[in-house]
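Visitor: Dropping the structure in here first, questions after.
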Amino acid sequence: MKVVIVGSGYVGLVSGACFSALGHSVVCVDSNEQKIETLKAGGVPIYEPGLGALIKTNIEQNRLAFSCDLEGAMKGADFVFIAVGTPTRQGGSEADLTSVYSVASAIALTADDGIIIVTKSTVPVGTGEALEGIVRAARPDLVFAVVSNPEFLKEGSAIEDFMKPDRVVVGCDLPWAGEKMKALYEPLRAMGVTILHTGRNAAEVIKYAANAFLAIKISFINEIADFCEAVGADVAEVADGLGKDKRIGRAFLNPGPGYGGSCFPKDTLALLATAQSHAVNLRVVESSISANDARKRGMGNRVVRALGQSVRGKTIAVLGLTFKANTDDMREAPSLDIVTSLQRLGARVRVYDPKGMEQARQYLRDVDYTADPYQCATGADGIVVATEWKEFEHLDFVRLAALTKHAAIVDLRNILDVRKVEAAGFELHRIGSPRRE
Ligand code: NAD
């Protein structure tokens with residue numbers, strides 16, 4: 001089957017590469033010419049483990065191509081996926097659907113009868129209906145369907161998540177389109193993946209409800225971690241005890257500096273905005289948003305408290321900048337709040353990240369970018385671990401301690417081995433561990 005994907009970012013590129021690996025013929029389209037040129041030249045404009053190799057194989061098999069020309073790509077297409085960004089509207093909290101609508105208008109002008117237009121972008125409930133209206137107004141006689149097929153992949157393990165998802169959600173109100181979607185996903189179904197067919201509105205709600213639930217889970221364990229610190233309990237033990245309960249589950253019970261990334265912050269806000277427009281209160285979601293905002297803002301002071309002294313005039317080394325490990329994505333990363341609040345408190349900040357340095361330069365001013373963790377820590381009065389990169393677990397802590405002015409680490413991700421780090425002479429501060437006076 002021929003699949004066109006519009007928007008070749010984290011979701012569009014991964015979906016395109018994976019659909020082609022499943023045997024479909026795919027063209028990934030993007031309006032960013034530089035991105036398409038990079039892809040055509042064999043490069044990958046984002047960091048996602050395994051993506052480069054998957055793209056290369058499928059280009060060689062003639063199943064995957066890249067283009068800026070939507071009209072050309074649409075010739076003979078069975079499906080066109082919309083995978084463009086849906087950021088928070090500037091000055092508001094709802095999703096900005098400008099790109100989604102403009103892509104839908106362009107599709108309407110070029111589509112052939114029988115086309116299935118699929119929203120992979122995360123869009124508020126009712127968007128499918130709105131897109132249907134846009135296409136119908138432009139082409140009253142066109143035979144088409146608008147289907148919701150939200151994406152649940154996680155950056156850093158996106159290919160695995162696409163190929164072995166917990167479920168694929170297909171939201172469709174037209175039986176003929178549902179049958180075609182079934183055929184599209186048949187290779188995954190044959191591998192045992194559950195394809196969940198729902199109404200279109202339900203599919204749109206599922207995506208936001210899933211992200212809101214995960215955000216709430218994170219905010220919850222973060223508050224429990226604060227409670228653990230105050231009462232002398234270890235949050236890791238608490239999370240293990242909680243997680244053994246099948247109704248709760250252990251995933252997403254790792255405390256940290258607050259959730260970030262391109263999805264949870266914007267999607268919780270957008271869900272709230274949509275609910276408000278329907279006069280519905282989502283108080284639990286609202287609380288999670290404000291708890292998370294406060295948590296991110298409070299991280300600078302937490303570092304100061306852990307180090308036991310003002311950071312004014314001190315040098316702090318921040319290891320890890322991306323919002324999570326195994327990505328180069330800096331959108332809404334908690335490190336941004338950590339660095340800026342440390343700067344506001346008078347610290348000089350040095351930073352290092354394995355993959356996020358290039359993107360970080362668009363966000364962070366007046367920091368010293370360093371080449372590796374050791375250079376970052378040299379002469380520092382304290383080290384902050386802000387992202388859970390595996391390589392930080394395996395540092396030579398004896399060497400690191402010797403390089404610092406004051407051997408203290410604030411591990412905001414609880415990834416470091418306490419015994420190893422303390423044996424190297426570090427004073428280690430973790431989230432949700434009993435306070436050591
Ligand atoms: P992204 O910013 O990485 O990619 C979006 C791409 O769309 C960009 O390359 C941009 O140039 C392109 N684009 C914008 N307008 C266009 C237009 N008119 N025509 C053609 N291309 C256009 O975004 P992303 O992270 O891939 O997210 C895309 C959507 O998927 C969002 O709605 C997001 O909420 C959702 N989503 C993201 C993730 C994730 O982990 N990143 C996971 C699930 C769902």
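Each reported figure results from applying straightforward, stated rules to the coordinates on display, with no laboratory input. All values derive from a computational prediction rather than experimental measurement. Every residue, glycine among them, receives a Cβ derived from its backbone with ideal geometry; neighbour counts consider all protein chains shown.
Visitor: With springs connecting C-alpha atoms under 10 Å apart, model the chain as a Gaussian network and identify which of R189, R250, R200 has the largest mean-square fluctuation.
Guide: R250
Visitor: Right, something else. Would you kindly derive the ³J(HN,Hα) couplings of segment 193-199 from the backbone phi angles with the Karplus curve 6.51 cos²θ - 1.76 cosθ + 1.60 (θ = phi - 60°), listing them in order in whole Hz, with x for Gly and Pro?
Guide: So the J values, rounded to whole Hz, are 6, 7, 9, 9, 8, 9, x.
Visitor: Would you mind computing, in nm to one decimal, how far apart the modelled labels at R361 and S105 are, each placed 7 Å from Cα along Cα→Cβ?
Guide: For the pair R361/S105, the computed spacing is 3.5 nm.
Visitor: Sorted from fewest to most neighbouring beta carbons within 10 Å, what does the list C18, C68 look like?
Guide: C68, C18
Visitor: What are the membrane-span-like helices in the chain by this rule: whole DSSP H runs, Cα extent along the axis at least 18 Å, mean Kyte-Doolittle hydropathy at least 1.0?
Guide: Helix filter hits for the chain: 98-110.
Visitor: I would also like to ask the following. Which value, in debye to the nearest 20, describes the size of the charge dipole of segment 297-430 about its Cα centre when Lys and Arg Cβ atoms bear +1, Asp and Glu Cβ atoms bear -1, and nothing else is charged?
Guide: In debye, rounded to 20, segment 297-430 gives about 480.
Visitor: Checking the table K217/K324; K164/K420; K154/K405; K217/K266; K120/K390 against a 27 Å threshold on Cα-Cα, which pairs fail?
Guide: Over 27 Å Cα-Cα: K164/K420; K154/K405; K120/K390.
Visitor: Run the quick spin-label model on V193 and D240: label points 7 Å from Cα toward the beta carbon, then report their separation in nm to one decimal.
Guide: 3.4
Visitor: With a sphere of radius 13 Å drawn around the Cβ of D381, what net charge do the other residues whose Cβ falls strictly inside it have (Lys, Arg +1; Asp, Glu -1)?
Guide: Once all neighbours under 13 Å are counted, the net charge is +4.
Visitor: In whole angstrom, note down how far apart the Cα centers of segment 273-308 and segment 1-34 are.
Guide: Here the two parts' Cα centres lie 35 Å apart.
Visitor: Taking the Cα atoms of the chain, what is the range of coordinates along each of the three principal axes, in descending order and whole Å?
Guide: 73, 49, 42
Visitor: Same structure again: Expressed as a whole percent, how much of the Cα-Cα distance distribution for segment 79-176 exceeds 17 Å?
Guide: Pairs farther apart than 17 Å: 54 percent.
Visitor: Something else: Would you tally the net charge around D30, using a Cβ to Cβ cut-off of less than 13 Å, leaving D30 out, and scoring K and R as +1, D and E as -1?
Guide: So the surrounding residues net to -1.
Visitor: Where the only charges are on Cβ atoms (+1 Lys, Arg; -1 Asp, Glu), what is the dipole of segment 30-132 about its Cα centre, to the nearest 20 debye?
Guide: Dipole magnitude for segment 30-132 comes out near 340 debye.
Visitor: Suppose R0 equals 35 Å. What FRET efficiency, 1/(1 + (r/R0)^6) with r the Cβ-Cβ distance, do E223 and N32 give to the nearest 0.05?
Guide: For R0 = 35 Å, the calculated efficiency reads 0.30.
Visitor: Could I ask something else about it? For segment 1-127, with the dipole built from +1 on Lys and Arg beta-carbon atoms and -1 on Asp and Glu ones, taken about the Cα centre, which of A17, V3, A95 lies farthest toward the positive end?
Guide: Ranked along the dipole, the leading option is A17.
Visitor: Explain nothing, just the number: dipole magnitude of the chain about its Cα centre with +1 on each Lys and Arg Cβ and -1 on each Asp and Glu Cβ, in debye rounded to the nearest 20.
Guide: Magnitude of the dipole: close to 760 debye.
Visitor: Give me the extension gain from E393 to E160: residue separation times 0.36 nm, minus the current Cα-Cα distance, reported in nm with one decimal.
Guide: Going from the current span to full extension adds 81.5 nm.
Visitor: Hey, another quick one. How are the alpha carbon pair distances in segment 297-430 distributed across 5 Å bins from zero to the largest one, expressed in percent?
Guide: In order of increasing distance, the bins hold 2, 12, 24, 26, 21, 12, 2, 0 percent.
Visitor: Once you have the Kirkwood Rh of segment 2-193 from its Cα pairs, apply Stokes-Einstein at 4 °C and 1.567 mPa s and quote D in µm²/s.
Guide: Answer from the Stokes-Einstein relation: 77 µm²/s.
Visitor: Here is a follow-up. List the residues of segment 96-134 whose backbone N lies under 13 Å from a point placed 7 Å from the Cα of A210 along the Cα-to-Cβ direction.
Guide: Within reach of a label on A210: 120-123.
Visitor: Between V231 and V418, take the C-beta separation as r, use R0 = 22 Å, and let me know the FRET efficiency to the nearest 0.05. Provide the component values of the computation, followed by the final result.
Guide: On the way: r = 19 Å, r/R0 = 0.88.
According to the calculation, E is roughly 0.70.
Visitor: Which of A73, M163, A104 sits closest to the plus end of the dipole of the chain, meaning its Cα is farthest towards the positive end, when Lys and Arg get +1 and Asp and Glu get -1 on the C-beta?
Guide: Result: M163.
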